[in-house]
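Colleague: I have a structure here, written as structure tokens, and I will follow up with some questions on it.
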Amino acid sequence: MENDIAISVKNLHKSFKLPTERAWGLKQAIFNRLKGVKGYKEQKVLNGISFDIHRNEFVGIIGRNGSGKSTLLKTLAKIYFPEKGSIDVNGNLIPFIELGVGFNYELSGRENIYLNGALLGFSNKEMDTMYDEIVDFAELRDFMDQKLKNYSSGMQVRLAFSIAIRAKGDILLLDEVLAVGDAAFQQKCNNYFAEIKGKQTVILVTHSMENVRKYCTRAILIENGKIALDDSPEKVAKAYENLWK
């Protein structure tokens with residue numbers, strides 16, 4: 001893989017098996033098999049996706065609900081694994097996809113920072129260097145020794161989001177997270193994304209064309225599991241908006 005390419009995706013395919021008929025017992029299962037009834041149907045979600053993302057690009061992944069964009073992001077994050085195709089990642093990838101993944105609510109905020117860091121592949125020593133920056137961005141220093149189960153939902157979001165964006169990763173994966181926390185924290189996040197535009201590799205799944213136009217240096221429109229358009233943020237945003245006309 002070329003040194004300036006952060007992620008290379010080639011011919012990616014992903015599908016899910018959706019139950020259609022439940023077999024009540026072994027006899028029914030055998031009967032269904034003899035009739036050729038599988039008990040599920042296959043839903044193809046990604047159908048031959050290919051693209052490269054270069055270092056320091058801020059790429060928006062957009063599409064209608066069910067188009068496959070979130071599945072693509074989870075496949076990049078290795079939450080899902082493709083049936084076919086390849087993903088090559090050049091660097092340390094930090095996902096922020098689902099709130100609470102990697103959290104232990106019986107542990108303190110401090111302990112959860114180190115737990116998340118370990119899950120992301122960082123040593124305790126590396127997390128020591130990131131800790132203050134994470135806590136200060138989340139604005140939760142007075143609460144770090146409290147158990148996470150005593151945090152409000154807004155505090156949990158702020159902590160999780162701060163770990164994702166302030167951990168020293170090469171590639172940041174984000175799924176619809178620019179509206180986290182209260183208005184003041186949202187503005188802080190907006191300022192951060194404006195600051196890192198063109199300086200860090202970011203992949204953002206979003207329905208907000210305002211954010212695509214504001215932050216992204218490139219955008220990809222996914223439709224029916226395929227790339228419909230890969231172009232400038234303005235052209236892709238307009239193509240997405242035209243889907244509703």
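Colleague: Report the dimensions of region 161-245 along its three principal axes from the alpha-carbon atoms, largest first, rounded to Å.
Modeller: Rounded to whole Å, the extents work out to 36, 28, 21 Å.
Colleague: Residue farthest toward the positive end of the dipole of the chain, with Cβ of Lys/Arg at +1 and Asp/Glu at -1: which of GLY91, ASN150, LEU72?
Modeller: LEU72
Colleague: Next question, about the same structure. If you fit an axis through the alpha-carbon atoms of helix 124-138 and take the longest principal axis of the Cα set of the chain, what angle between them do you get, 0 to 90°, nearest 10?
Modeller: 80
Colleague: Sort GLU126, GLU210 by accessible area with a 1.4 Å probe, largest first.
Modeller: GLU210, GLU126
Colleague: How would you rank 140-149, 155-164, 43-52, 108-117, highest first, on the average number of other Cβ atoms within 10 Å across their residues?
Modeller: Descending packing order for the listed peptides: 155-164, 108-117, 43-52, 140-149.
Colleague: Against the longest principal axis of the chain, how steep is helix 183-196, in degrees 0 to 90 to the nearest 10, with axes from Cα atoms?
Modeller: The angle comes out at about 80 degrees.
Colleague: Given a Förster radius of 30 Å and the C-beta distance between ASP231 and GLU195 as r, what FRET efficiency does 1/(1 + (r/R0)^6) yield to the nearest 0.05?
Modeller: Calculated transfer efficiency: 0.75.
Colleague: Considering the options ILE227, ALA6, PHE103, tell which one lies farthest towards the positive end of the dipole of the chain, charges being +1 on Lys and Arg and -1 on Asp and Glu at the Cβ, about the Cα centre.
Modeller: The one lying farthest along the dipole's positive direction is ILE227.
Colleague: If you restrict to DSSP beta bridges whose two residues both lie in the chain, what percentage is antiparallel, to the nearest 5?
Modeller: Just about 60 percent of them are antiparallel.
Colleague: On full extension of the chain, what length is gained from ASP136 through ASN3, given 0.36 nm per residue of separation minus the C-alpha to C-alpha distance? Numbers along the way, then the final one.
Modeller: Numbers: separation 133, 0.36 × 133 = 47.88 nm, distance 3.32 nm.
Gain on extension, ASP136 to ASN3, equals 44.6 nm.
Colleague: Do the sum for the chain: with -39,500 (n - 2.57) for every DSSP H run of n ≥ 4, divided by all residues, what is the mean residue ellipticity at 222 nm, to the nearest 500 deg cm²/dmol?
Modeller: The per-residue figure over the chain is -11000 deg cm²/dmol.
Colleague: How far apart, in nm, are two points set 7 Å out from the Cα along the Cα-to-Cβ line at LYS10 and at THR217?
Modeller: That separation, rounded to one decimal, is 2.4 nm.
Colleague: Report, in debye and to the nearest 20, how large the dipole of the chain comes out about its Cα centre when Lys and Arg carry +1 and Asp and Glu carry -1 on their Cβ.
Modeller: Values: 34 positive and 30 negative charges, 293 e Å.
That gives the chain a dipole magnitude of about 1400 debye.
Colleague: Please go through region 48-78 and write out the trypsin sites (Lys or Arg not before Pro) that DSSP classes as loop and that have at most 14 other C-beta atoms within 10 Å.
Modeller: Details: sites: ARG55, ARG64, LYS69, LYS74, LYS78; in loops: ARG55, ARG64, LYS78.
The qualifying sites are LYS78.
Colleague: I'm checking a number: the convex hull volume of the Cα atoms of the chain, normalised per residue, in Å³. What is it?
Modeller: Here the figure is 169 Å³ per residue.
Colleague: How high is the relative contact order of region 84-238, in percent, counting Cα pairs under 8 Å that sit 6 or more residues apart?
Modeller: 22
Colleague: Tally up the carbon and sulfur contribution to the accessible surface of the chain as a whole percent, 1.4 Å probe, everything protein left in place.
Modeller: 49
Colleague: For ASN65, project a label point 7 Å along Cα to C-beta. Then give me every residue of region 199-220 with its amide nitrogen under 16 Å of that point.
Modeller: 206-208
Colleague: Taking the Cα centre of region 139-241 as origin and charging only Cβ (+1 Lys, Arg; -1 Asp, Glu), how large is the dipole, in debye to the nearest 20?
Modeller: Details: 15 positive and 14 negative charges, 50 e Å.
Roughly 240 debye for region 139-241.
Colleague: Now a separate question. Using the basic label-point model (7 angstrom from Cα toward the beta carbon), what is the LEU107 to GLU241 distance in nanometres?
Modeller: So the two model labels end up 4.5 nm from each other.
Colleague: Ordering PHE137, PHE16 by accessible area with a probe of 1.4 Å, largest first, what comes out?
Modeller: Ranked from most to least accessible, the order is PHE16, PHE137.
The values are calculated or read from the model by the stated rules, or taken from the named source; none is laboratory data. Computed from a prediction, not measured in an experiment: that's the story for all the values here. Neighbour counts run over all protein chains shown; Cβ positions are idealised from the backbone, glycine included. For the accessible areas, the whole protein counts, side chains as well, though only heavy atoms, and no ligand, DNA or RNA atoms are used. Shrake-Rupley method; radii C 1.70, N 1.55, O 1.52, S 1.80 Å.
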